[in-house]
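Q: Pasting a structure below so you can have a look.
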Amino acid sequence: MTDPQLRHVGLKVGGFEAIDVEEAETGIFGFWVFLMSDAILFALLFAVYGTQLAATAGAPGPAAEFKIDSAFWETMVLLLSSFTYGMSSFAMKYGGQLRWVVGMLLVTLVLGLTFLGMEANDFAVMIHDGATPDRSGFLSAFFALVPTHGLHVVAGCSWIVVMLVQVAAFGLDDRVKINLLRLGLFWHFLDVIWIAIFSVVYLQGVMR
Amino acid sequence: MSGPGPSLPRRLARYGAAALWVATAFSVRPAAAPPARRTARPSKAEIAADRRRDLLTYGIGYGLALALTLLAFALVYWRWAEPPVALALVFGLGLVQVLVQFRCFLHIDFKGQARDDLLLILFSTLIVLLMVGGTLVVLFNLRARMM
Amino acid sequence: MTGSEIWTTLLGRFEWSDLPFVRAWEKGTLSEAIGAGAGGVVVVGAVLLVALLTYKRWWKPLWSDWLTSLDHKKIGIMYIVLAFVMLSRALIEAVLMRTQQAVAIGAPGLVGPNHFAQLFSTHGSIMVFFMAMPFLTGLINYVVPLQIGARDVAFPLLNSISLMLTAGGAGLMMVSLAIGEFSTGGWSGYPPYTEAAYQPGVGPDYWIWAITLSSIGSTLVGMNIAVTIFKKRCPGLKLMRMPLFCWTSLCTSILMIFAMPPLTVATLMLALDRYLGYHFFTNDLGGNMMIYIDLFWLFGHPEVYILILPAFGVYSEVISAFSSKELYGYVSLVIATMAIAVLSFTVWLHHFFTMGQSADINAVFGIATMTIGIPTGVKVYDWIWTMFRGEVRLTPPMLFSLAFIVTFVLGGFTGILLAMPPVDFVVHNTVFLVAHFHNMLIPGLLYGMIAGYQYWFPKAFGFRLNERWGTVSFVCWVSGFYLAFMPLYVLGLAGLARRTQEILEPDFRPWLLVALLGAFLLLAGLATLFVQLYVSVRQRDQHRVPVGDPWGARSLEWSVAAPPPEYNFATIPHVGRRDPWHWRKANGGAYKPADHYRDIAMPRNSMVGPVVGLSGAVCAFGLVWHIWWMAAFGLAVLWAAVIARSFVRRTKRVIGAREVEATDRAWLATAAAQQVHPRELETTSANAGLAELHA
């Protein structure tokens, strides 16, 4: 039984199986509300970053510190992970082939961890160069905005792990499916935020 | 404004191509949505059609996102445009990509079924514009008056 | 490891002199003695509470009937209990501050400057975050699901977590009385004064983490209420058929969702400055404290409407019920509510007209501010027209509503004055401003909450509150307000700066004495509320309203027993128009058994809420004192609890159709056995909750 209301999430819970449609819809709408609240948080961090761009106070500025190559590859990795998560949702929706669902989740997890590793390396290089957040208002703003996204990715990765365990324990039951859908929204949302970071922080930074 | 970047016609052609891509992505949707009947199971052919369309949406979304990222990156990396122009283009391309991802990965569209989510997102956009715009105006004004 | 290293590892930066008792012993001043006394009250109170619970063997019922319950009604009641506890503390602090200003005229007075600064900081923080927010959240939690014909909120567990996070923050505020000290930076905590350079102690950290816990709780509860109203309405209850309280709750919860993040961002940035040496708001190295002020009021202004809108909803319900008329201008009230909600995001700059931006920007925000007066004015006229030719009864909730209309309009006038930047420059940072916002928030929030508490109390507990004591309390609250705050307008125009610990102008003395008298009357208002509760509980057998409709009101919450069953409705109602309960009563559809009863699945209790709240508070306490192991432990427990919960599959409990039917029929039998009471007798024991029908 498919409820037309549910189609808007595009992922159609459980393909065409029975599921508590009302609960799924409430849960997913609720998660959208959470994401929008989170988006406000990021928007404000961006606004603060914008106002603090000039506040370098003699410390290393964006052009000197940002490694555009590294940021570019991070973008590619995260974008690909967004696609692989989409493939996992796709597999879940049509017949729920466990092999594909889990496989694509694992690929997404690996890509997410790769992203985190690269980002941690970037930060380590910056800190080694003396570009630490306590040097200037600009670096403070940078080290608030970008690591906040990073922390969200950490949360996303641990959520994937939890979901993998749940798939192993319960199979694809209703609650697992709803949570995979929410996690999907979260993961795609993080990619959207990263696009903004890549444009506003990195591309703008090296342009200056 | 005659920097080392590409000529205006070439740029325009590029925007046109981008716009076309986006239009394609947004137009990919069911030819005719099957009537929503709660009890009827959709036929195998319908499922297969849905399946193809969904896969295509993900594929187009990924391709577009990739292309837009590469374009923005190339603009800056090979300095195809002067910084102010390039900055505007980068922000513009970023915005387009956000829209693409919302459409193709997060499945938000202008059809009736996504109304709740869409309205929520539009309201959030309004609040973001007010907060971010207001913050930037006020603080840049202060900076200009005090520095 | 040396002894001091072990000490630091285990106890962070705690020292014996952080205990107010030790400080009072060492210094022996009156100010320290008062601080120690307050800490002592907290400690003794906690000990007595534990003793009482143990002696009465109430631990188990407290745990399994209340703390772990996911019932929205119980969660709502717990929120309101929390609000009353915190209100008592913050009101006592207010009286202490008024006393200080009245006696410290050219003299040091009772408390020192540092202590006085802690008093106004805790007073403001508690009143906003731990009195007002829990109170309105509690009312919304209790009433909204009943009004929209739902069995519970959308996310019952999240509801419990929100409550417990708020309670954890409130606990932190109480602990700060007995261990360490609180911030002296006011409720808004402006840097750079709250930066480590000026306040290296634990005070601002207590403020930061208490506020953070409460703001996260509020964001979550906002999401919950908004989704509940969007997705859980009973069949036929279109948005434009909802009671007005639901509308104002919806707008408040949307404001919570979008306005709490700026606060979270601002306080966490301040925490980064203090803990990791960032430079967001410092004086040097590119820090800019004006960013904080901007962020804080991006939250702060919508917050004003978060506080006021639910009270507007209460007044709409109360005035309609006690005028026995349908609400006048429903559509205009809805539009006005939404307009206020959106406009509230466009005026935040009027809180810092004097910060230095250009006159043009000030003018834009000044005009936007005045614009908000228009929808508010619309509401006032609607309420007045609702009473027009109605059968108005002056019960305590109605008295509070009437006092609100007059007093709030007065406060609105001074708000229009302050919205003009040139005027604001003159009275900025004086007690004129203090008088203005108390003039908005006491009628615009507190009166509404008290009115709502008195109005819905019989629904929640099955008996009415004593009206005589309610009226006494009303007299105290209203006369107290005018005596306490009208003098402050005068003093503000005369130039008395706010937050002044010692007064140097002897001419201010008479005004300050009057204000002190007002503060005592306000305290008497609270005391009489407690007396009212005590008396009403003692006389509950004469005041029972088991049928559940004591005021002859119009919305769905009155269509069930008082107190309502756990699942609210034996069968989910279907709604065809506005004021559905009134319609049912008028058309013979009330108090009828259902054709058909079904099993009802309700959420099981869960200990995740209390665990999350407690571990959140433990984590925050560790952060305040730099006890890193404790912070890490709290955080770990918190996450473990959430993850463990996601593995629980038996989350629902089924109540059999037979039990539902038996309960429902028993209630219907009670209703059939009761006499209908006429309006004139609704405040007497003739009122059994079965009201006479009236046009």
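Q: Could you compute how much accessible surface C:I572 exposes when probed at 1.4 Å, giving the result in Å² to the nearest 10?
A: About 60 Å², ignoring ligands and nucleic acids.
Q: A further question follows. How much of C:H115 can a 1.4 Å solvent probe reach, expressed as accessible area in Å² and rounded to 10?
A: 40
Q: Using a cut-off of 28 Å between alpha-carbon atoms, which lysines can reach C:K60, once sequence neighbours fewer than 8 places away in the same chain are excluded?
A: Once the sequence-local lysines are set aside, what remains near C:K60 is C:K73, C:K74, C:K459, C:K652.
Q: Could you sort C:W66, C:W58, C:W209 by their accessible area in this structure, using a 1.4 Å probe and putting the largest first?
A: From most exposed to least exposed: C:W58, C:W66, C:W209.
Q: Follow-up question, since we're still on this one. Highest mean first, what order results for C:331-343, C:607-619, A:21-33 on Cβ atoms within 10 Å?
A: Order by mean packing, descending: C:607-619, A:21-33, C:331-343.
Q: Determine the calculated [θ] at 222 nm for chain A from helices alone, applying -39500 (n - 2.57) to every DSSP H run no shorter than 4 residues and normalising by the residue count; nearest 500 deg cm²/dmol.
A: -26000 deg cm²/dmol
Q: Once the dipole of chain C is set up with Lys and Arg at +1 and Asp and Glu at -1 on Cβ about the Cα centre, which of C:L255, C:Q539, C:S88 lies farthest towards its positive end?
A: C:Q539
Q: Between C:V81 and C:R538, what is 0.36 nm times their sequence separation minus the Cα-Cα distance? Round to one decimal in nm.
A: Gain on extension, C:V81 to C:R538, equals 162.6 nm.
Q: Residues of A:161-173, mean number of Cβ from any other protein chain within 10 Å of their own Cβ, rounded to a whole number?
A: Other-chain Cβ atoms within 10 Å of each residue's Cβ, averaged: 1.
Q: May I ask you to give the percent of accessible area on chain C that is carbon plus sulfur, with a probe radius of 1.4 Å?
A: 69
Q: Let me have the 222 nm mean residue ellipticity of chain C computed from DSSP H runs of 4+ only, each contributing -39500 (n - 2.57), with the sum over all residues rounded to the nearest 500.
A: Counting only the DSSP helices, I get -21500 deg cm²/dmol.
Q: May I pose another question? Under a 1.4 angstrom probe, counting protein chains only, how are C:H582, C:H72 ranked by accessible area, largest first?
A: I get C:H582, C:H72, largest accessible area first.
Q: Please state the charge dipole magnitude for region A:21-207, taken about the Cα centre, from unit charges on C-beta atoms (+1 on K and R, -1 on D and E), reported in debye and rounded to the nearest 20.
A: Dipole of region A:21-207, to the nearest 20 debye: 220 debye.
Q: May I ask you to give the percent of accessible area on region A:21-207 that is carbon plus sulfur, with a probe radius of 1.4 Å?
A: Carbon and sulfur: 70 percent of the exposed surface of region A:21-207.
Q: Using the charge dipole of region B:44-107 (Lys, Arg: +1 at Cβ; Asp, Glu: -1 at Cβ; taken about the Cα centre), state which of B:L95, B:T69, B:Y58 has its Cα farthest towards the positive end.
A: Looking along the dipole axis, the top candidate is B:Y58.
Q: Divide, for region B:44-107, the radius of gyration over alpha carbons by 2.2 N^0.38 Å, where N is the residue count.
A: Working it through for region B:44-107, the quotient is 1.46.
Q: For region C:364-397 and region C:504-530, what is the centre-to-centre distance using only Cα atoms, to the nearest Å?
A: Region C:364-397 and region C:504-530 have Cα centres separated by 29 Å.
Q: Treating only the Cβ of Lys, Arg, Asp and Glu as charged (+1, +1, -1, -1), what charge dipole size does the protein assembly as shown show about its Cα centre? Round to the nearest 20 debye.
A: Around 2760 debye, computed over the protein assembly as shown.
Q: With axes computed from alpha carbons, what is the tilt in degrees of helix A:137-170 against the longest principal axis of chain A, rounded to the nearest 10 within 0 to 90?
A: 20
Q: Relative contact order for chain C using alpha-carbon pairs under 8 Å, separation at least 6, rounded to a whole percent?
A: Once divided by the residue count of chain C, the mean separation gives 17 percent.
Q: What list of ³J(HN,Hα) values in whole Hz, one per residue of region C:25-34 in order, does the Karplus curve 6.51 cos²θ - 1.76 cosθ + 1.60 (θ = phi - 60°) give from phi, with Gly and Pro shown as x?
A: Result, ordered by residue: 5, 6, 8, x, 8, 5, 4, 5, 5, 5 Hz.
Q: Using only the alpha-carbon atoms, how far is helix C:359-387 inclined from the longest principal axis of chain C? Give it as 0 to 90 degrees, nearest 10.
A: 30
Q: Ok, one more. 5 Å is the cut-off here: which amide hydrogens, built 1.01 Å from N in the peptide plane, fall below it relative to C:I655, excluding neighbours closer than 5 in sequence?
A: Residues meeting the criterion, in which the H sits 1.01 Å from N, are C:I600, C:A601, C:M602.
Q: Just the number, please: percent antiparallel of the DSSP beta bridges in the protein assembly as shown, rounded to the nearest 5.
A: Once the DSSP bridges in the protein assembly as shown are tallied, antiparallel ones form about 65 percent.
Q: Turning to a different aspect of this structure: Rounded to the nearest Å, what's the spacing between the alpha carbon centres of region A:47-91 and region C:30-56? Just the number, please.
A: That distance is 52 Å.
Q: By a straight-distance test (C-alpha under 13 Å), which aspartates and glutamates pair with C:K231 as possible cross-link partners, with residues fewer than eight away in the same chain excluded?
A: In chain and number order, the partners are A:E22, A:E23, A:E25, B:D116, B:D117, C:D152.
Q: In Å², and per residue, what accessible area does region C:216-359 have when probed at 1.4 Å with the other protein chains present?
A: I get 22 Å² per residue for this part.
Q: OK, next. Using the scaling law 2.2 N^0.38 Å as the reference, what is the normalised Cα Rg of the protein assembly as shown?
A: Taking N as the residue count of the protein assembly as shown, the ratio is 0.96.
Q: Counting only other chains, what is the mean number of Cβ atoms within 10 angstrom of the Cβ of each residue in peptide A:179-185?
A: That works out to 1 on average.
Q: Could the peptides C:5-15, C:344-354, C:684-694 be put in order, highest first, of the mean number of other beta-carbon atoms found within 10 Å of their residues?
A: C:344-354, C:684-694, C:5-15
Q: C:F463's amide H: which non-local residues (gap 5+, or another chain) put their own amide H closer than 5 Å, with H modeled 1.01 Å from N in plane and none for Pro or chain starts?
A: Under 5 Å from the amide H of C:F463 lie the amide H atoms of C:V545, each far enough along the sequence or on another chain.
Q: For the ranges B:43-54, C:41-52, what's the packing order if you count other beta-carbon atoms within 10 Å of each residue, average per peptide, and put the highest first?
A: Result, highest mean Cβ count within 10 Å first: B:43-54, C:41-52.
Q: Relative contact order for region B:44-107 using alpha-carbon pairs under 8 Å, separation at least 6, rounded to a whole percent?
A: Once normalised by length, the contact order is 45 percent.
Q: Follow-up. Of C:F312, C:I211, C:G548, which is farthest on the positive side of the dipole of the protein assembly as shown, counting Cα position, with +1 on Lys and Arg Cβ, -1 on Asp and Glu Cβ, and the Cα centre as origin?
A: The Cα lying farthest towards the positive end belongs to C:G548.
Q: For region C:601-607, just list the computed ³J(HN,Hα) in residue order, Karplus coefficients 6.51, -1.76 and 1.60, θ = phi - 60°, integers in Hz, with x standing in for Gly and Pro.
A: 9, 10, x, 6, 4, 9, 8
Q: Give me the 1.4 Å probe accessible area per residue for region C:545-585, excluding ligands and nucleic acids, in Å².
A: 30
Q: Tell me, what HN-Hα J-couplings in whole Hz come from the Karplus equation 6.51 cos²θ - 1.76 cosθ + 1.60 at θ = phi - 60° for each residue of region C:56-68, using x for Gly and Pro?
A: My calculation for region C:56-68 gives 7, 6, 9, 4, 5, x, 4, 6, 8, 8, 10, 4, 8 Hz in order.
Q: If you fit an axis through the alpha-carbon atoms of helix A:68-93 and take the longest principal axis of the Cα set of chain A, what angle between them do you get, 0 to 90°, nearest 10?
A: Long axis of A:68-93 versus the principal axis of chain A: about 10 degrees.
Q: In 10 Å bins starting at zero, report the fraction of Cα pairs in region C:559-695 per bin as a rounded %.
A: Going out from 0 Å in 10 Å bins, region C:559-695 shows 10, 25, 21, 16, 16, 12, 2 percent.
Q: Mind scanning B:K44/C:K238; C:K379/C:K592; C:K379/C:K585 and naming the pairs with a C-alpha gap bigger than 31 Å?
A: Listed pairs above 31 Å: B:K44/C:K238; C:K379/C:K592.
Q: Over region A:21-207, calculate the relative contact order: mean separation of alpha carbon pairs under 8 Å at least 6 apart, over the residue count, as a percent.
A: Result for region A:21-207 is 35 percent.
Q: I've got another one for you. Taking all protein chains together and a probe of 1.4 Å, list C:I179, C:I405 from the most accessible to the least accessible.
A: The most accessible residue leads, giving C:I179, C:I405.
Q: Nearest 5 is fine: what % of DSSP beta bridges in chain C come out antiparallel, could you say?
A: Antiparallel: roughly 65 percent of the beta bridges in chain C.
Q: Round to a whole angstrom and tell me the spacing of the C-alpha centers of region C:111-173 and region C:271-300.
A: For region C:111-173 versus region C:271-300, the Cα centre distance is 26 Å.
Q: If the only charges are +1 at each Lys and Arg Cβ and -1 at each Asp and Glu Cβ, what is the size of the charge dipole of chain C around the Cα centre, to the nearest 20 debye?
A: I would put it at about 2380 debye.
Q: What average count of beta carbons from other chains do you get within 10 Å of the Cβ of residues in C:294-306?
A: Partner Cβ neighbours, averaged per residue: 2.
The values are calculated or read from the model by the stated rules, or taken from the named source; none is laboratory data. Values in this document were obtained by computation on a predicted structure and should not be read as measured data. Note: ideal-geometry Cβ built from the backbone for every residue, glycine included; neighbour counts use all protein chains shown. The area values use the complete protein model at the heavy-atom level, side chains included, leaving out ligands, DNA and RNA. Shrake-Rupley method; radii C 1.70, N 1.55, O 1.52, S 1.80 Å.
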